[in-house]
Amino acid sequence: LAALLAVSGFVLKERISESLSAAAADVQLLQEGSYNSSLGNRAALWMAALAAIAEKPALGHGEAGKMDAVIPHLPKQVSYLRYSHVHNALLDVAVSGGMLGAAAFLGLFITPFFLTGGMSSREDLNRNRYTAASTVAVFAMNGSVNSLFTHDLIGVLYLLPLILVASVGGDPEVTPLR
């Protein structure tokens with residue numbers, strides 16, 4: 001694993017450097033009040049989404065009315081862009097389904113920890129818990145700047161390792177989240 005990471009880091013060194021430079025430039029533009037970047041567009045969408053959520057916090061605007069509720073809150077320099085989502089999975093669900101939908105969505109990320117229980121002295125069970133935690137972390141990080149589960153394959157990639165981990169079961173001697 002260490003060798004794979006080292007080789008990947010060496011091969012992708014230039015791409016990683018370019019990505020970090022682009023991210024720094026995006027942050028600089030945003031600090032200057034410009035939304036003319038990927039991060040700037042996302043920040044504008046996130047602020048507009050929060051305003052839309054405040055309008056209908058309990059049940060949201062519905063999937064069909066989601067972006068119609070967000071667009072009026074976008075700054076003029078961003079509002080001409082057409083998006084199908086707000087580039088944050090939790091905010092996206094909260095705009096369309098309100099706090100009730102957001103709670104259900106968060107349940108998708110909390111449930112694996114209940115299915116696998118707490119830490120155990122059994123190495124095989126701990127490995128399953130780390131697999132579940134890693135899977136949840138990867139999808140949660142991606143969802144913080146993008147949409148999730150918008151394609152069947154992505155849902156399968158999330159659920160497959162969690163189903164395998166849950167099928168092994170937890171240690172009955174250990175309580176969840178301990």
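When residue 165 is tested against (1) in a helix (DSSP H, G or I); (2) within 18 Å of residue 91 (Cβ to Cβ); (3) at pLDDT below 75, only condition (2) is not met. In this entry, residue 4 passes the filter for residues that are at pLDDT below 95, in a helix (DSSP H, G or I) and either surrounded by fewer than 20 Cβ atoms within 10 Å (Cβ to Cβ) or out of contact with any Pro (no Cβ under 7 Å at 6 or more places or on another chain) (or both). Tell me, please, whether a residue that is more than 21 Å from the chain's Cα centre (by Cα), closer than 28 Å to residue 158 by Cα and among the hydrophobic types (A, V, I, L, M, F, W, C) can be found in region 83-94. Scanning region 83-94 turns up no residue that is more than 21 Å from the chain's Cα centre (by Cα), closer than 28 Å to residue 158 by Cα and among the hydrophobic types (A, V, I, L, M, F, W, C).
For region 8-37, how many residues meet the condition of being in contact with an Asp or Glu (Cβ under 6 Å, 6 or more places away or on another chain) and either in a helix (DSSP H, G or I) or among the β-branched types (Val, Ile, Thr) (or both)? Matching residues across region 8-37 total 0. Reported count of residues in region 54-69, each being closer than 16 Å to residue 93 by Cβ and either assigned to a helix (DSSP H, G or I) or touching a residue at least 40 places away in the same chain (Cβ under 8 Å) (or both), is 10. One residue alone among 43, 25, 54, 2 is under 17 Å from residue 146 (Cα atoms) and either within 22 Å of the chain's Cα centre (by Cα) or not charged (D, E, K, R) (or both), and that residue is 43. Tallying residues that are of a type outside the set (A, V, I, L, M) and open to solvent by 60 Å² or more (accessible area, probe 1.4 Å) within region 21-37 yields 5.
Residues are listed down the side, and each one gets a yes or a no for (1) open to solvent by 70 Å² or more (accessible area, probe 1.4 Å); (2) part of a helix (DSSP H, G or I); (3) modelled with pLDDT under 90:
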position: 71; (1), (2), (3): no, yes, no
position: 86; (1), (2), (3): no, no, no
position: 93; (1), (2), (3): no, yes, no
position: 101; (1), (2), (3): no, yes, no
position: 106; (1), (2), (3): yes, yes, no
position: 114; (1), (2), (3): yes, yes, yes
position: 121; (1), (2), (3): yes, no, yes
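Among the conditions (1) touching a helix residue (DSSP H, G or I) at 6+ places or on another chain (Cβ under 7 Å); (2) open to solvent by less than 40 Å² (accessible area, probe 1.4 Å), the only one that residue 65 does not satisfy is (1). Screening residue 40 against (1) closer than 20 Å to residue 141 by Cα; (2) open to solvent by less than 30 Å² (accessible area, probe 1.4 Å); (3) in a loop (DSSP other than H, G, I, E, B) leaves a single unmet condition, (3).
The values are calculated or read from the model by the stated rules, or taken from the named source; none is laboratory data. Computed from a prediction, not measured in an experiment: that's the story for all the values here. Cβ sites come from the backbone with ideal geometry, for glycine too, and all protein chains shown count toward neighbours. Heavy atoms of the whole protein, side chains included, go into the accessibility calculation; ligands, DNA and RNA do not. Shrake-Rupley method; radii C 1.70, N 1.55, O 1.52, S 1.80 Å.
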